[in-house]
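One structure is given here, and the rest of the page talks about it.
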(Lines give C-alpha, C1' and ligand atoms only; values in the text may rest on other atoms or scores of the structure.)
Protein backbone atom coordinates (compact mmCIF):
# COMPACT_ATOMS: atom_id res chain seq x y z
CA UNK A 1 0.00 0.00 0.00
CA UNK A 2 1.54 3.34 -0.96
CA UNK A 3 2.00 5.49 2.11
CA UNK A 4 4.67 8.07 1.46
CA UNK A 5 8.21 8.36 0.34
CA UNK A 6 10.34 5.46 1.42
CA UNK A 7 13.15 5.90 3.85
CA UNK A 8 16.71 4.82 3.15
CA UNK A 9 19.86 4.50 5.14
CA UNK A 10 23.49 3.67 4.66
CA UNK A 11 26.13 2.27 6.93
CA UNK A 12 29.68 3.38 7.61
CA UNK A 13 30.87 0.62 5.26
CA UNK A 14 28.67 1.97 2.45
CA UNK A 15 29.94 5.44 3.19
CA UNK A 16 33.55 4.28 3.04
CA UNK A 17 32.99 2.49 -0.26
CA UNK A 18 31.25 5.51 -1.80
CA UNK A 19 33.99 7.89 -0.73
CA UNK A 20 36.72 5.59 -2.01
CA UNK A 21 35.06 5.40 -5.44
CA UNK A 22 34.73 9.16 -5.59
CA UNK A 23 38.31 9.80 -4.48
CA UNK A 24 39.56 7.51 -7.21
CA UNK A 25 37.38 9.33 -9.73
CA UNK A 26 38.70 12.76 -8.64
CA UNK A 27 42.27 11.50 -8.93
CA UNK A 28 41.67 10.10 -12.43
CA UNK A 29 39.70 13.07 -13.74
CA UNK A 30 41.61 15.87 -12.00
CA UNK A 31 38.29 17.42 -10.96
CA UNK A 32 38.15 19.51 -7.78
CA UNK A 33 35.25 18.17 -5.88
CA UNK A 34 32.41 15.65 -6.09
CA UNK A 35 29.10 15.75 -4.22
CA UNK A 36 26.41 13.11 -3.98
CA UNK A 37 22.88 14.32 -3.46
CA UNK A 38 19.73 12.25 -3.15
CA UNK A 39 16.73 13.06 -5.33
CA UNK A 40 14.88 14.76 -2.52
CA UNK A 41 17.76 17.21 -2.07
CA UNK A 42 19.67 15.76 0.88
CA UNK A 43 23.45 15.81 0.75
CA UNK A 44 24.95 12.32 1.05
CA UNK A 45 28.66 13.12 0.90
CA UNK A 46 31.30 15.53 -0.35
CA UNK A 47 34.71 14.39 -1.51
CA UNK A 48 37.75 16.38 -2.65
CA UNK A 49 38.41 20.06 -2.00
CA UNK A 50 36.11 21.26 0.74
CA UNK A 51 33.50 23.51 -0.93
CA UNK A 52 33.61 27.12 0.24
CA UNK A 53 29.84 27.47 -0.21
CA UNK A 54 26.79 26.24 1.69
CA UNK A 55 26.76 22.57 0.63
CA UNK A 56 23.27 21.92 2.07
CA UNK A 57 21.73 24.72 0.01
CA UNK A 58 23.76 23.57 -2.98
CA UNK A 59 22.35 20.03 -2.65
CA UNK A 60 18.77 21.32 -2.55
CA UNK A 61 19.22 23.44 -5.64
CA UNK A 62 20.93 20.56 -7.44
CA UNK A 63 17.98 18.24 -6.86
CA UNK A 64 15.56 20.96 -7.95
CA UNK A 65 17.66 21.65 -11.06
CA UNK A 66 17.70 17.96 -11.94
CA UNK A 67 13.97 17.51 -11.33
CA UNK A 68 13.10 20.57 -13.40
CA UNK A 69 15.27 19.29 -16.25
CA UNK A 70 13.63 15.86 -16.04
CA UNK A 71 10.30 17.52 -16.66
CA UNK A 72 11.72 19.60 -19.51
CA UNK A 73 12.98 16.34 -21.04
CA UNK A 74 9.52 14.81 -20.83
CA UNK A 75 7.98 17.88 -22.50
CA UNK A 76 10.20 17.40 -25.52
CA UNK A 77 9.58 13.66 -25.65
CA UNK A 78 12.68 12.34 -23.85
CA UNK A 79 12.44 10.16 -20.74
CA UNK A 80 15.10 12.20 -18.93
CA UNK A 81 18.43 13.99 -19.34
CA UNK A 82 20.82 11.75 -17.51
CA UNK A 83 23.61 14.32 -17.47
CA UNK A 84 23.57 18.10 -17.22
CA UNK A 85 26.46 20.45 -17.82
CA UNK A 86 26.75 24.02 -16.54
CA UNK A 87 29.71 25.96 -17.87
CA UNK A 88 31.18 28.96 -16.11
CA UNK A 89 34.16 31.16 -16.91
CA UNK A 90 36.43 29.39 -14.43
CA UNK A 91 34.31 26.76 -12.69
CA UNK A 92 32.03 24.27 -14.38
CA UNK A 93 29.83 21.51 -13.11
CA UNK A 94 28.64 18.23 -14.51
CA UNK A 95 25.66 16.45 -12.98
CA UNK A 96 24.71 12.85 -13.63
CA UNK A 97 21.98 10.50 -12.53
CA UNK A 98 23.00 7.44 -10.50
CA UNK A 99 20.53 4.53 -10.32
CA UNK A 100 17.58 6.98 -10.56
CA UNK A 101 18.03 7.69 -6.86
CA UNK A 102 21.00 9.97 -6.42
CA UNK A 103 22.80 12.66 -8.38
CA UNK A 104 26.56 12.91 -8.76
CA UNK A 105 27.76 16.50 -9.06
CA UNK A 106 31.33 17.18 -10.15
CA UNK A 107 32.95 20.61 -9.90
CA UNK A 108 35.99 21.23 -12.02
CA UNK A 109 38.09 24.09 -13.39
CA UNK A 110 40.53 24.57 -16.26
CA UNK A 111 43.04 22.07 -14.83
CA UNK A 112 41.02 19.40 -16.63
CA UNK A 113 38.58 19.13 -19.52
CA UNK A 114 34.93 18.25 -19.85
CA UNK A 115 35.89 15.31 -22.05
CA UNK A 116 38.14 13.73 -19.45
CA UNK A 117 35.67 14.30 -16.60
CA UNK A 118 32.85 12.82 -18.65
CA UNK A 119 34.94 9.83 -19.69
CA UNK A 120 36.02 8.98 -16.13
CA UNK A 121 32.54 9.63 -14.82
CA UNK A 122 31.02 6.77 -16.81
CA UNK A 123 32.83 4.03 -14.94
CA UNK A 124 32.25 5.76 -11.61
CA UNK A 125 28.51 5.93 -12.30
CA UNK A 126 28.40 2.23 -13.15
CA UNK A 127 30.20 1.39 -9.90
CA UNK A 128 28.08 3.75 -7.83
CA UNK A 129 24.88 2.41 -9.41
CA UNK A 130 25.74 -1.13 -8.33
CA UNK A 131 26.53 0.08 -4.84
CA UNK A 132 23.32 2.11 -4.50
CA UNK A 133 21.19 -0.67 -5.98
CA UNK A 134 22.43 -2.83 -3.11
CA UNK A 135 21.85 -0.07 -0.53
CA UNK A 136 18.29 0.59 -1.70
CA UNK A 137 17.35 -3.05 -2.07
CA UNK A 138 18.16 -3.54 1.61
CA UNK A 139 15.54 -0.97 2.64
CA UNK A 140 15.62 1.15 5.74
CA UNK A 141 16.01 -1.31 8.55
CA UNK A 142 17.85 -4.00 6.67
CA UNK A 143 21.05 -2.01 6.53
CA UNK A 144 22.67 -4.40 8.95
CA UNK A 145 21.70 -1.99 11.72
CA UNK A 146 18.58 -2.03 13.91
CA UNK A 147 16.08 0.75 13.21
CA UNK A 148 17.58 3.60 15.19
CA UNK A 149 14.16 5.01 16.11
CA UNK A 150 12.49 1.74 17.07
CA UNK A 151 10.76 2.13 20.45
CA UNK A 152 12.05 5.72 20.69
CA UNK A 153 8.54 7.17 21.16
CA UNK A 154 9.28 8.47 24.66
CA UNK A 155 12.48 10.11 23.55
CA UNK A 156 10.69 11.72 20.59
CA UNK A 157 8.00 13.05 22.95
CA UNK A 158 10.64 14.52 25.24
CA UNK A 159 12.37 16.24 22.32
CA UNK A 160 9.23 18.26 21.63
CA UNK A 161 8.15 19.08 25.17
CA UNK B 1 12.36 10.28 1.61
CA UNK B 2 14.05 10.34 4.97
CA UNK B 3 17.72 9.43 4.94
CA UNK B 4 19.53 7.88 7.89
CA UNK B 5 23.28 8.34 7.71
CA UNK B 6 24.98 5.96 10.13
CA UNK B 7 28.40 7.39 9.29
CA UNK B 8 27.65 10.99 10.30
CA UNK B 9 24.86 9.89 12.68
CA UNK B 10 22.16 12.05 11.15
CA UNK B 11 18.51 11.57 10.30
CA UNK B 12 17.41 13.85 7.45
CA UNK B 13 13.73 14.48 6.74
CA UNK B 14 11.82 16.67 4.31
CA UNK B 15 8.78 18.75 5.27
CA UNK B 16 6.79 20.71 2.69
CA UNK B 17 4.56 23.71 3.45
CA UNK B 18 1.71 23.67 0.96
CA UNK B 19 -1.28 25.97 0.45
CA UNK B 20 -2.84 28.75 -1.63
CA UNK B 21 -0.87 31.79 -2.82
CA UNK B 22 -0.25 34.54 -0.26
CA UNK B 23 -1.42 32.24 2.53
CA UNK B 24 1.72 32.61 4.69
CA UNK B 25 3.94 29.61 3.82
CA UNK B 26 7.06 31.68 3.28
CA UNK B 27 6.20 33.77 6.37
CA UNK B 28 6.21 30.56 8.45
CA UNK B 29 9.75 29.76 7.29
CA UNK B 30 10.91 33.35 7.79
CA UNK B 31 9.66 33.25 11.36
CA UNK B 32 11.47 29.97 12.06
CA UNK B 33 14.61 31.41 10.47
CA UNK B 34 14.40 34.52 12.65
CA UNK B 35 13.81 32.68 15.91
CA UNK B 36 16.09 29.65 15.72
CA UNK B 37 19.71 30.03 16.79
CA UNK B 38 22.04 30.41 13.77
CA UNK B 39 24.01 27.40 15.05
CA UNK B 40 21.03 25.11 14.50
CA UNK B 41 19.83 26.37 11.15
CA UNK B 42 21.26 26.95 7.70
CA UNK B 43 20.63 29.65 5.13
CA UNK B 44 17.11 30.50 3.99
CA UNK B 45 17.13 30.02 0.23
CA UNK B 46 14.32 31.71 -1.71
CA UNK B 47 13.70 31.25 -5.39
CA UNK B 48 11.24 34.11 -5.77
CA UNK B 49 10.09 36.58 -8.43
CA UNK B 50 11.02 40.26 -8.26
CA UNK B 51 7.77 40.88 -6.37
CA UNK B 52 8.78 38.28 -3.75
CA UNK B 53 6.23 35.71 -4.86
CA UNK B 54 7.70 32.21 -4.56
CA UNK B 55 8.68 31.01 -8.02
CA UNK B 56 10.07 27.56 -7.28
CA UNK B 57 10.56 27.09 -3.53
CA UNK B 58 11.94 28.45 -0.28
CA UNK B 59 14.23 26.20 1.70
CA UNK B 60 15.42 26.22 5.30
CA UNK B 61 17.37 23.44 7.06
CA UNK B 62 16.94 23.24 10.87
CA UNK B 63 18.28 20.85 13.51
CA UNK B 64 15.66 19.98 16.07
CA UNK B 65 17.75 18.00 18.56
CA UNK B 66 19.30 14.59 19.07
CA UNK B 67 17.60 11.21 19.45
CA UNK B 68 19.56 8.08 20.29
CA UNK B 69 22.73 9.95 19.39
CA UNK B 70 21.43 10.87 15.93
CA UNK B 71 21.06 14.52 14.96
CA UNK B 72 17.56 15.19 13.54
CA UNK B 73 17.83 17.51 10.56
CA UNK B 74 14.65 18.80 8.99
CA UNK B 75 14.61 20.36 5.57
CA UNK B 76 11.69 22.76 5.33
CA UNK B 77 10.38 23.69 1.89
CA UNK B 78 7.54 25.87 0.67
CA UNK B 79 5.91 25.54 -2.73
CA UNK B 80 4.70 28.35 -4.98
CA UNK B 81 1.02 28.75 -4.11
CA UNK B 82 -0.15 30.29 -7.35
CA UNK B 83 -2.18 27.88 -9.49
CA UNK B 84 -0.02 28.72 -12.50
CA UNK B 85 3.09 27.07 -11.03
CA UNK B 86 1.78 23.53 -10.62
CA UNK B 87 4.61 21.88 -12.57
CA UNK B 88 7.27 23.23 -10.21
CA UNK B 89 5.04 22.78 -7.14
CA UNK B 90 4.74 19.09 -7.86
CA UNK B 91 8.52 18.66 -8.09
CA UNK B 92 9.00 19.88 -4.53
CA UNK B 93 6.78 17.08 -3.21
CA UNK B 94 9.24 14.47 -4.43
CA UNK B 95 10.53 12.51 -1.44
CA UNK B 96 8.42 14.42 1.11
CA UNK B 97 8.12 12.98 4.64
CA UNK B 98 5.59 15.38 6.14
CA UNK B 99 3.15 18.04 4.93
CA UNK B 100 1.92 21.27 6.50
CA UNK B 101 -1.06 22.80 4.72
CA UNK B 102 -1.15 26.53 5.43
CA UNK B 103 -4.73 27.68 4.86
CA UNK B 104 -5.72 31.35 4.56
CA UNK B 105 -8.53 31.86 7.09
CA UNK B 106 -10.10 34.80 5.24
CA UNK B 107 -13.64 33.93 4.11
CA UNK B 108 -13.01 35.08 0.54
CA UNK B 109 -10.05 32.67 0.28
CA UNK B 110 -12.10 29.56 1.06
CA UNK B 111 -12.32 28.55 -2.58
CA UNK B 112 -8.57 29.05 -3.08
CA UNK B 113 -7.93 26.87 0.00
CA UNK B 114 -10.15 24.10 -1.32
CA UNK B 115 -8.57 24.25 -4.75
CA UNK B 116 -5.10 24.02 -3.24
CA UNK B 117 -6.08 21.13 -0.94
CA UNK B 118 -7.49 19.21 -3.91
CA UNK B 119 -4.33 19.97 -5.85
CA UNK B 120 -2.25 18.61 -2.96
CA UNK B 121 -4.18 15.33 -2.91
CA UNK B 122 -3.88 15.05 -6.71
CA UNK B 123 -0.14 15.77 -6.80
CA UNK B 124 0.57 13.37 -3.94
CA UNK B 125 -1.45 10.64 -5.64
CA UNK B 126 0.60 11.10 -8.80
CA UNK B 127 3.71 10.16 -6.80
CA UNK B 128 1.84 7.22 -5.29
CA UNK B 129 1.80 8.82 -1.81
CA UNK B 130 -1.31 8.52 0.36
CA UNK B 131 -1.76 11.76 2.28
CA UNK B 132 -4.14 10.13 4.75
CA UNK B 133 -1.39 7.76 5.89
CA UNK B 134 1.48 10.15 6.32
CA UNK B 135 2.39 13.00 8.69
CA UNK B 136 -0.01 15.81 7.80
CA UNK B 137 -0.86 18.95 9.77
CA UNK B 138 -3.09 21.90 8.86
CA UNK B 139 -2.46 25.48 9.98
CA UNK B 140 -5.31 27.99 9.79
CA UNK B 141 -3.32 31.15 9.33
CA UNK B 142 -4.32 34.83 9.61
CA UNK B 143 -6.59 34.23 12.60
CA UNK B 144 -6.11 37.88 13.60
CA UNK B 145 -7.97 39.26 10.58
CA UNK B 146 -11.55 40.47 11.06
CA UNK B 147 -12.77 38.55 8.02
CA UNK B 148 -11.35 35.21 9.25
CA UNK B 149 -13.88 32.38 8.90
CA UNK B 150 -14.74 30.42 12.07
CA UNK B 151 -12.43 27.42 12.62
CA UNK B 152 -15.50 25.17 12.61
CA UNK B 153 -16.28 26.22 9.01
CA UNK B 154 -12.67 25.80 7.92
CA UNK B 155 -12.56 22.34 9.46
CA UNK B 156 -15.80 21.36 7.72
CA UNK B 157 -14.53 22.54 4.33
CA UNK B 158 -10.85 21.58 4.47
CA UNK B 159 -10.52 18.85 7.08
CA UNK B 160 -13.80 16.88 7.10
CA UNK B 161 -11.83 13.69 7.71
CA UNK B 162 -11.27 10.50 5.79
CA UNK B 163 -12.94 7.20 6.51
CA UNK B 164 -11.16 4.74 8.81
CA UNK B 165 -11.91 1.26 7.51
CA UNK B 166 -9.33 -0.68 9.52
CA UNK B 167 -11.27 -2.15 12.47
CA UNK B 168 -8.21 -2.03 14.71
CA UNK B 169 -8.01 1.74 14.33
CA UNK B 170 -11.73 2.38 14.94
CA UNK B 171 -11.36 3.79 18.42
CA UNK B 172 -11.60 7.34 19.70
CA UNK B 173 -8.28 9.20 19.59
CA UNK B 174 -8.44 12.53 21.44
CA UNK B 175 -6.82 15.56 19.82
CA UNK B 176 -3.82 16.30 22.09
CA UNK B 177 -3.88 19.96 21.09
CA UNK B 178 -7.62 20.73 21.48
CA UNK B 179 -9.42 19.60 24.61
CA UNK B 180 -12.77 17.99 23.94
CA UNK B 181 -12.02 17.29 20.27
CA UNK B 182 -11.00 14.00 18.65
CA UNK B 183 -8.70 13.12 15.79
CA UNK B 184 -10.44 9.78 15.25
CA UNK B 185 -14.14 9.42 16.08
CA UNK B 186 -17.42 7.93 14.95
CA UNK B 187 -19.70 10.44 13.24
CA UNK B 188 -23.54 10.31 13.61
CA UNK B 189 -23.92 8.38 10.33
CA UNK B 190 -21.94 5.55 11.95
CA UNK B 191 -18.73 5.95 9.95
CA UNK B 192 -15.37 6.27 11.66
CA UNK B 193 -13.34 9.22 10.44
CA UNK B 194 -9.87 10.58 11.07
CA UNK B 195 -8.91 14.23 10.72
CA UNK B 196 -5.53 15.89 10.40
CA UNK B 197 -4.16 17.76 13.41
CA UNK B 198 -4.81 21.49 13.05
CA UNK B 199 -3.44 24.67 14.56
CA UNK B 200 -4.53 28.29 14.50
CA UNK B 201 -1.81 30.70 13.50
CA UNK B 202 -0.79 34.26 12.84
CA UNK B 203 2.44 33.66 10.98
CA UNK B 204 3.44 37.34 10.75
CA UNK B 205 3.67 37.50 14.53
CA UNK B 206 4.80 33.88 14.90
CA UNK B 207 1.67 32.58 16.66
CA UNK B 208 1.28 28.87 16.02
CA UNK B 209 4.36 28.63 13.79
CA UNK B 210 6.44 26.50 16.15
CA UNK B 211 3.43 24.49 17.37
CA UNK B 212 2.82 23.49 13.76
CA UNK B 213 6.47 22.69 13.05
CA UNK B 214 6.87 20.66 16.24
CA UNK B 215 3.70 18.67 15.59
CA UNK B 216 4.63 17.70 12.05
CA UNK B 217 8.25 16.91 12.98
CA UNK B 218 7.10 14.68 15.79
CA UNK B 219 4.73 12.85 13.46
CA UNK B 220 7.56 12.37 10.95
CA UNK B 221 9.95 10.92 13.54
CA UNK B 222 7.22 8.65 14.89
CA UNK B 223 6.48 7.42 11.38
CA UNK B 224 10.12 6.26 11.20
CA UNK B 225 10.06 4.59 14.60
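The values are calculated or read from the model by the stated rules, or taken from the named source; none is laboratory data. All of these numbers come straight from a predicted model, not from anything done at the bench. As a convention, Cβ positions derive from the backbone with ideal geometry for all residues, glycine included, and neighbour counts pool all protein chains shown.
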For residue A:16: the one exception among (1) surrounded by 14 or more Cβ atoms within 10 Å (Cβ to Cβ); (2) within 14 Å of chain B (Cβ to nearest Cβ): (1)
Condition check for residue B:55: in a strand (DSSP E or B), surrounded by fewer than 17 Cβ atoms within 10 Å (Cβ to Cβ), at pLDDT below 95 and touching a strand residue (DSSP E or B) at 6+ places or on another chain (Cβ under 9 Å): yes
Residue B:221 at pLDDT below 95, crowded, with 19+ Cβ neighbours inside 10 Å, within 14 Å of the chain's Cα centre (by Cα) and within 14 Å of chain A (Cβ to nearest Cβ): no
Some residue of the range B:177-187 being surrounded by 17 or more Cβ atoms within 10 Å (Cβ to Cβ), within 18 Å of residue A:160 (Cβ to Cβ) and either in contact (Cβ under 8 Å) with a residue 24 or more places away in the chain or within 14 Å of another protein chain (Cβ to nearest Cβ) (or both): no
Flag for residue A:9 being touching a helix residue (DSSP H, G or I) at 6+ places or on another chain (Cβ under 7 Å), at pLDDT below 90 and within 9 Å of chain B (Cβ to nearest Cβ): no
Residue match in the range B:125-144 (condition: more than 14 Å from chain A (Cβ to nearest Cβ), more than 23 Å from residue B:223 (Cβ to Cβ), in a loop (DSSP other than H, G, I, E, B) and out of contact with any helix residue (DSSP H, G or I) (no Cβ under 9 Å at 6 or more places or on another chain)): yes
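Yes/no matrix, rows are residues, columns are (1) on the phi < 0 side of the Ramachandran plot; (2) surrounded by fewer than 17 Cβ atoms within 10 Å (Cβ to Cβ); (3) facing chain B (nearest Cβ under 10 Å):
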site	(1), (2), (3)
A:61	yes, no, yes
A:64	yes, no, yes
A:75	yes, yes, yes
A:79	yes, yes, no
A:86	yes, yes, no
A:89	yes, yes, no
A:98	yes, no, no
Subset tally (residues that are within 14 Å of chain A (Cβ to nearest Cβ) and either touching a helix residue (DSSP H, G or I) at 6+ places or on another chain (Cβ under 6 Å) or surrounded by 21 or more Cβ atoms within 10 Å (Cβ to Cβ) (or both)) for the range B:19-41: 1
